[in-house]
Amino acid sequence: MKIYMDVCCLNRPFDNQSQDKVRFETEAIITMLKRCGADKDWKLVGSDIISLEISKNKDHIKKQKSLLLHNAASERIIYNEEIKSRAADFRKANVKLFDSLHLAAAEYANVDVLLTTDTQFIKAAARTDAKIRIENPLNYYMEVLEGE
């Protein structure tokens with residue numbers, strides 16, 4: 001299973017955990033990251049786009065922690081013309097800039113799922129012809145558990 005976690009996911013463990021939704025998403029994300037590290041059937045895919053977006057974070061502590069999670073990726077997608085072109089297609093469908101880049105990179109890597117905690121991204125991606133699944137990490141992990 002190849003998963004791509006956007007920056008919202010990589011930041012989630014370092015967000016305020018006082019809301020149940022945030023805590024549950026954090027648990028799902030951490031559990032999946034652990035599986036990527038321990039289970040040969042699970043692979044975390046990273047990208048230059050993730051690195052760039054994380055580098056723009058003004059919170060230096062959260063930036064460092066998110067980069068550590070991202071650096072655990074066993075595969076890294078290098079930004080290229082194909083990703084740039086596909087992201088432009090997604091932008092025409094009103095997908096935000098970084099979201100369109102994540103979507104294009106994840107599609108280029110042929111991942112099984114792109115995970116995000118950003119509901120607006122999920123809704124925007126659903127209006128595109130993306131060839132991959134875009135899901136909330138908690139919803140996706142619950143589905144995985146039901147299938148095991």
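Structure notes:
- Looking only at residues of region 1-22 that are touching a Lys or Arg at 6+ places or on another chain (Cβ under 9 Å) and in a loop (DSSP other than H, G, I, E, B), we find that the one that is farthest from residue 111 (Cα to Cα) is 17.
- Some residue of region 27-43 being in contact (Cβ under 8 Å) with a residue 24 or more places away in the chain, touching a His at 6+ places or on another chain (Cβ under 6 Å), not acidic (Asp, Glu) and not in a loop (DSSP other than H, G, I, E, B): no
- Listed by first and then second residue, the pairs linking a residue in region 75-104 that is within 16 Å of residue 125 (Cα to Cα) to a residue that is in a helix (DSSP H, G or I) and aromatic (Phe, Trp, Tyr), with Cβ atoms under 6 Å apart and 6 or more places separating them unless they lie on different chains, are 83/108; 99/121; 100/90; 103/90.
- Qualifying residue in region 43-58 (condition: within 13 Å of the chain's Cα centre (by Cα), more than 15 Å from residue 9 (Cα to Cα) and among the charged types (D, E, K, R)): yes
- Restricting region 3-20 to residues that are touching a residue at least 12 places away in the same chain (Cβ under 8 Å) and over 12 Å from the mean Cα position of the chain (by Cα) leaves a set whose member that is surrounded by the most Cβ atoms within 10 Å (Cβ to Cβ) is 13.
- Of the set (1) surrounded by fewer than 21 Cβ atoms within 10 Å (Cβ to Cβ); (2) modelled with pLDDT of 95 or more, all apply to residue 83 but (1).
- Test result for residue 5, out of contact with any Cys (no Cβ under 6 Å at 6 or more places or on another chain), modelled with pLDDT under 95 and not polar (S, T, N, Q): no
- Condition check for residue 106: in contact with a Gly (Cβ under 8 Å, 6 or more places away or on another chain), under 22 Å from residue 138 (Cβ atoms) and either modelled with pLDDT of 95 or more or surrounded by 15 or more Cβ atoms within 10 Å (Cβ to Cβ) (or both): no
The values are calculated or read from the model by the stated rules, or taken from the named source; none is laboratory data. Since the structure is predicted, the reported quantities are computational estimates derived from the model, not experimental observations. Every residue, glycine as well, gets a Cβ built from its backbone with ideal geometry; the counts of neighbours run over all protein chains shown.
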